[in-house]
1. Roll a 1.4 Å probe over the protein chains and send me the accessible area per residue for the chain in Å².
2. Which of 68, 230, 189 ends up with the largest GNM mean-square fluctuation for the chain, with Cα atoms connected below 10 Å?
3. Under 14 Å Cα-Cα from residue 214, which aspartates and glutamates qualify once same-chain neighbours fewer than 8 residues away are excluded?
4. Quote the relative contact order of the chain in percent (integer), defining contacts as alpha-carbon pairs under 8 Å separated by 6+ residues.
5. Determine the dipole magnitude for the range 1-52: charges of +1 sit on the beta-carbon of Lys and Arg, -1 on that of Asp and Glu, nothing else is charged, the reference point is the Cα centre, and the result goes in debye to the nearest 20.
6. Based solely on its DSSP helices, what 222 nm [θ] is calculated for the chain when runs of n ≥ 4 H residues each add -39,500 (n - 2.57) and the sum is averaged over all residues, nearest 500 deg cm²/dmol?
7. Got a number for carbon plus sulfur as a percent of the chain's accessible area, 1.4 Å probe?
8. With an 8 Å cut-off on Cα pairs and a minimum separation of 6 or more residues, tell me the relative contact order of the range 37-109 in percent.
Amino acid sequence: MSKRKLLLAANWKMNPAPAAAMVNAHGDRSLNPYHPHADIDVVVLPTFVDLQRCMDAGLIIGAQYGHPETVGAHTGDVSMAMLKKLGCRYVLCGHSERRANHGETDEDVAAQAIAALENGLHPVICIGETLEEREKGHEKTVVKKQLKHLPLESDVTIAYEPVWAIGTGKTATPKQAQEMHAYIRSLLPDDRRESLRILYGGSMKAENAEELLKQPDIDGGLIGGASLKPEEFGRMIEIAENLHG
Ligand code: PEP
């Protein structure tokens, strides 16, 4: 089991925030499973338009993307500085959907992570191989390259998300995930190796959360589809708390 405090991050992608998340529960988790917990970290990553409402409901919020420049001619973008000013604590960098749909390169992702840190945001940086890369046996080479430009000496979180497991219902087995997490950890700077959190992402749900979260190098989850279902997300939080509470 991980020695680090677990983090469960709910990535709602371009979906409306679940109504249950908007209830200001004043600490009553039966009313709102997304609210902050003592023994584990829980963060929600809504669309930009729902950030303020989630914050008003007492949730810890992060954005799904932030532009590295502070201001300027970038139509449609929102800067890390603006996200910080709004009250965001976290920001996703380099989710595979952004890499695929917006052409974000490893260098772009590194620039986002650095800008996030400079603006006082905690970057959750996504890495992971495609199905084709795994079938060729290239998964370790791919993540090694993705890690190369990242500010790993700083306070960041890595999310290992095999692209073939995202939104597909196919989860990496706990053994496959643990092997990749241990490999990623072996590449971290000496003084960050034991403290940096590495989340797993890819069709994580209540049904498979326990086995994944029991692995020594899995420090939480970046959860898409299952995080939109309040009851299921609540069960995942309970599993994490039971393991680490
Ligand atoms: C994700 O959005 O990062 C993700 C892992 O999605 P899902 O849990 O739906 O596979």
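1. Values: 10890 Å² over 245 residues.
Dividing the accessible area of the chain by its residue count gives 44 Å².
2. 189
3. List returned: 179, 238, 241.
4. Working: 503 pairs, mean separation 54.1, N = 245.
Value for the chain: 22 percent.
5. Magnitude of the dipole: close to 240 debye.
6. -9500 deg cm²/dmol
7. 52
8. 26
The values are calculated or read from the model by the stated rules, or taken from the named source; none is laboratory data. Nothing here was measured: the structure is a model prediction, and the numbers come from that model. Cβ atoms come from the backbone with ideal geometry, glycine included; neighbour counts cover every protein chain shown. Accessible surface areas use protein heavy atoms only, side chains included; no ligands, DNA or RNA. Shrake-Rupley method; radii C 1.70, N 1.55, O 1.52, S 1.80 Å.
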